[in-house]
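Asker: Okay, here's the structure, questions in a sec.
The values are calculated or read from the model by the stated rules, or taken from the named source; none is laboratory data. On a predicted model such as this, the values are computed, not experimentally measured, just so you know. Neighbour counts run over all protein chains shown; Cβ positions are idealised from the backbone, glycine included. In case anyone asks, the SASA skips ligands and DNA or RNA and just uses the protein heavy atoms, side chains included. Shrake-Rupley method; radii C 1.70, N 1.55, O 1.52, S 1.80 Å.
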Amino acid sequence: MKKIIMLLLPLLMFVSMAMAQSLSGKVVDSTNNEGIPGAVVYIPQLKIGATTNGSGNFKINPIPRGTYDMEVSILGYATFTQQVTIKDSTTCTCHMGASCCSSNEVVITALGNVTNTQRSPMPVDIVTHEMLLQNSSSTIIDAISTQPGVNMTTEGPGTTKPQINGLGFDRVLVLTDGLRQEDFQWGDDHGILIDPYSIYDAEIIRGPASLQYGASAEAGVISFKTQPFAESGTTQGSVLTEYQTNNGLIGTSEDVGGNHNGFVWDLRASNEEAHDYWNPKDGYVWGTAWQQDNARLTLGLIKSWGYSRISVSVLERRIQVPNGNRDSATGEFVYNFPQNGQFYPNKAAFLAYDPTIAGDKILTEIQTWWQNSINVGNGKLGLDIGFTRSIHYDIDTGTVGRTNFAVNDIPYSFKYQVVGNNSGLKLTTGINGTYEFENNIDPPPAPYISNYQIPNYTDFQAGAYAILQKDFKSLTISGGLRYDWSSFVGQGMYLINPNTQSQAQVSEGTVGAVMQFPSFNNTYTGASGSIGASYQLPENNYLKLNISKSFRAPSIDQLTSNGENIGVNAFQQGNLNLKAEEGYQVDFAYGNNGKDISFEADGFYNVINNFIFPVRVESKVVGDSMVDGVPFFEYIATKDIFTGVSGYFNIHPYDTKWLEIDNNFTYVYSYLPNQTDSTQHVPWTPAPRLTTEVRFKLADRKTSVLRNTYVQFGMTKDWAQNDIYSALYSEIPSLAYTIYNAGVGTNFVNPETGRTVCSLYINCTNLLNVGYADHLNLAQYFLAYNGNPVTVTNQSQGIYNMGRNVGFKLLFPIGGHKESGAEKEMNDKQ
């Protein structure tokens, strides 16, 4: 890494000599043209912005030449968006209309061509920074999992994975500042390795987004964005600390960054740790403690020619995965292996911040991501390349890892974007993909035995695409095509004396050798495409329609798995003859973004040919559904149908600014044609869900010490899920449940300067301490008596979700821009 930075320094010094332009202007109230102080003016493509001064004036300097979508937001006004073209020093005036809640018409960048949520042909959810701060969660996926159409699967804290419209795992592409999260996305027991404190906001695309991103975006995209860069001429940061009562989660995160003459930088360090969580049915759940550390550095330049920035991140997560091992007589949790002569964990063990017992994992994610945008003609040339290394150790012996491997990825993206200022045309075209290579590493010493789940392999993915968008006054039309190529090459593996202390790898043809993995060379190709439109109707109504075809190659575990997956307590077997999935989806939406209410209802219908998923079968080894006491699963492919509706209905009366009522809902139905009653639904289809939140906002005064104060009450209702894949108890029905939540928050402000000194957020989830198991809580399938696995046949046997939890969060801003007298005089003259 040091060599890379040293090589880049001469280039950075040279390009720093280039002069850049500025964007300045004034934000005013549309009714009286008075300046609005404290409004945030932001350019999402560049991650830079400014805050208006006491007169409503702002200045962003430097800023590259080009066309950008500008976003202006402040509490009490509808979000303002405008396209601006920077040639030299550019000025503009932003007229904002009063509103008791922000508009849903905000800029989005994850669809290729930059647009806003109301004009996007596809359903898009925005998770704001305020929403993340006001939430108590363990992971960033947990924090967004109640958005319309979004769910999560989990085996416990630290193992959460997203679903969109009923599809999950590596069908949902997760990005961090454009970098693909390739960290073991195929596995149930591998959470997305992202520091939740590093995430500022998120965009969620619900529906196939294969055009720009390729096969991994078959279900949709979750695009996380890190902290925007500091305002020009400032150094600023923050200190965040958090505590949660249920599992004792302690979290801290420190951030500092600067922006000086176009040189931008940001440094963040975070830590989280938690002991076992508690619920009213299980008590403390043994095997749910976890720890996480992350350090992240970003360096960059913003000049007239464009920008260049490089990010380096190192994250380590150590998690326990519960296996539900209990005493057959008492039902109490017991150790897998005696600990210091003890067979049962005591309270001190449950409350220990130390996940270093049998049944834990060490997961490390190392990322380097270099992003460049260079002005070429009337457009921008994007050149991005990175390197990630994901290291996995399964510790089921207390100290030694048995399932150890490293996945390395070199993601790349080269694209050209051009905007026709007069024609309303936007074009994005390019190629992207990744080169992935995996190796089994660090075999354990005797007497421990390596557990090999997948072979050493390489996977080279490449795709070329073009996306064209045309904006008319009320109509937006967008469409494009993509072609993907993916090549898997796997090494064969042969073992002698497998599953014994004398197990060893040998060459093919050795007497007595058993083939663990065959060598293989599989290539998959396919086309994707979409065409869609949005139309702005009178009185703030709008329509959306999108038709798309998606393509997805099988993942490595679906092709080659051949062994016990310790993290999911199952034997899994892949199939090298699987074909690529091809999906055909229609999305339709109708919405309104009015003064008193806003709503959107999104319906979708998705048919996927060769849909791949694991099913429990009679073991080919011993004639039943168990191998060495664990369930036997194999991957199959068939046609499937997903359909459903999701959306939101928010009430925010203009004349009652102290009240806001937000509601969202999700309903997904899956169907496998020509199957029996027990096999006609796709496993892990989420239950129908409704969430409601009522918020009361206290009025601010200029002399108030407490500002932006709110009190909120919420409810989440999940209905029973009986549409399941019930054969051999692959999946069991789930019961309905309702949980209630409450929260309060405020900013402590210096009334003389108007600067926020500290922000406080208190949030209680599961207020009434309900015992429940969510349908996508996979830990409910973990059950063993005295070390002997048992098939779970109803929810009451398995592990339940967390009980009541109260989270406390404090945020202290540090530094930032303080307007000087000369600056105020200059800004007032604009």
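Asker: If the cut-off is a Cα-Cα distance under 14 Å, which aspartates and glutamates reach K639, setting aside same-chain residues fewer than 8 apart in sequence?
Answerer: E581, E582
Asker: With a sphere of radius 10 Å drawn around the Cβ of W286, what net charge do the other residues whose Cβ falls strictly inside it have (Lys, Arg +1; Asp, Glu -1)? The partial results should precede the final answer.
Answerer: Details: positive: R326; negative: D276, D282, E332.
Spelling it out: positives minus negatives among the neighbours equals -2.
Asker: Taking 0.36 nm per residue of sequence separation and subtracting the Cα-Cα distance, how much length would be gained by fully extending the chain between S519 and L468, in nm to one decimal?
Answerer: The S519-L468 span can extend by a further 14.2 nm.
Asker: Place the peptides 171-180, 386-395 in order of packing, highest mean first, counting for every residue the other Cβ atoms within 10 Å and averaging per peptide.
Answerer: Answer by packing, highest mean first, reads 171-180, 386-395.
Asker: For each pair in K544/K595; K426/K544; K59/K809, compute the distance between the two Cα atoms and list the pairs where it is over 26 Å.
Answerer: Over 26 Å apart, Cα to Cα: K59/K809.
Asker: Expressed as a fraction of 2.2 N^0.38 Å, the rule-of-thumb size for a compact globular protein of N residues, what is the C-alpha radius of gyration of region 203-347? Provide the component values of the computation, followed by the final result.
Answerer: Details: Rg = 22.3 Å, N = 145, 2.2 N^0.38 = 14.6 Å.
Taking N as the residue count of region 203-347, the ratio is 1.53.
Asker: Of K47/K473; K281/K579; K361/K415, which pairs sit farther than 32 Å apart, going by alpha carbon to alpha carbon?
Answerer: Violating the 32 Å Cα-Cα cut-off are K281/K579; K361/K415.
Asker: Over all Cα pairs of region 261-345, how is the pair count split among 10 Å bins, expressed in % and running from 0 up to the last occupied bin?
Answerer: Reading upward from the zero bin: 15, 28, 19, 14, 12, 9, 3, 0.
Asker: Moving on. If packing is taken as the average number of other Cβ atoms within 10 Å across a peptide's residues, how do 140-151, 446-457 rank, most packed first? Walk me through the intermediate numbers first.
Answerer: Numbers: 140-151: 23.4, 446-457: 18.8.
Final packing ranking: 140-151, 446-457.
Asker: So, one more: Could you give the Stokes-Einstein D for region 446-567 in µm² per second, using the C-alpha Kirkwood radius, 20 °C, 1.002 mPa s? Don't skip to the end; give the middle numbers.
Answerer: Details: Rh = 18.7 Å.
D, rounded to a whole number, is 114 µm²/s.
Asker: With every protein chain present, what is the per residue accessible area of the chain (1.4 Å probe, Å²)?
Answerer: For the chain, the solvent-accessible area averages 39 Å² per residue.
Asker: State, to one decimal in nm, how far the label point of N674 lies from the label point of T91, with both points 7 Å from Cα in the Cβ direction.
Answerer: 7.0
Asker: Could you list the residues of region 728-754 with an amide nitrogen less than 13 Å from a label point located 7 Å from the Cα of L690 in the Cα-to-C-beta direction?
Answerer: Only 737-739 pass the distance filter.
Asker: Order the peptides 299-305, 375-381, 201-207 from the highest to the lowest mean number of other Cβ atoms within 10 Å of their residues.
Answerer: On the way: 299-305: 21.4, 375-381: 15.9, 201-207: 24.0.
In decreasing order of mean packing, 299-305, 375-381, 201-207 become 201-207, 299-305, 375-381.
Asker: Once you keep just the Cα pairs under 8 angstrom separated by 6 or more residues, what percentage relative contact order results for region 630-689?
Answerer: Relative contact order for region 630-689 comes out at 32 percent.
Asker: Which semi-axis lengths, in whole Å and largest first, follow from the square roots of five times the eigenvalues of the Cα gyration tensor of region 119-173?
Answerer: Sorted largest first and rounded, they come to 19, 17, 7 Å.
Asker: Dipole of region 640-726, Cα-centred, from +1 at each Lys and Arg C-beta and -1 at each Asp and Glu C-beta, to the nearest 20 debye?
Answerer: The dipole magnitude comes to about 700 debye.
Asker: If I histogram all Cα-Cα distances within region 718-763 using bins 5 Å wide from 0, what percent of pairs lands in each bin?
Answerer: Bins of 5 Å from zero give 5, 16, 12, 8, 9, 7, 7, 8, 8, 7, 7, 4, 2, 0 percent of pairs.
Asker: Quick one: grab Rg to one decimal and Dmax as a whole number for the chain, Cα atoms only, in Å.
Answerer: Values for the chain (Cα only, Rg and Dmax): 26.8, 89 Å.
Asker: With the contact rule set at Cα under 8 Å and sequence spacing of 6 or more, what percent relative contact order holds for the chain?
Answerer: Averaging sequence separation for qualifying contacts and normalising by length gives 11 percent for the chain.
Asker: Round to a whole angstrom and tell me the spacing of the C-alpha centers of region 773-800 and region 457-528.
Answerer: If you average the Cα positions of each part, the centres end up 33 Å apart.
Asker: Multiply the residue gap between L768 and T510 by 0.36 nm, knock off their C-alpha separation, and tell me the result in nm, one decimal place.
Answerer: Values: separation 258, 0.36 × 258 = 92.88 nm, distance 6.30 nm.
Taking 0.36 nm per residue and subtracting the Cα distance, the gain is 86.6 nm.
Asker: Tell me the label-point distance for the pair S487, Q342, using the 7 Å Cα-to-Cβ offset, in nm and rounded to one decimal.
Answerer: 5.6
Asker: Roughly speaking, what is the stretch gain from R701 to N439, that is 0.36 nm per residue apart minus the C-alpha to C-alpha distance, in nm to one decimal?
Answerer: Roughly 88.2 nm would be gained on extension.
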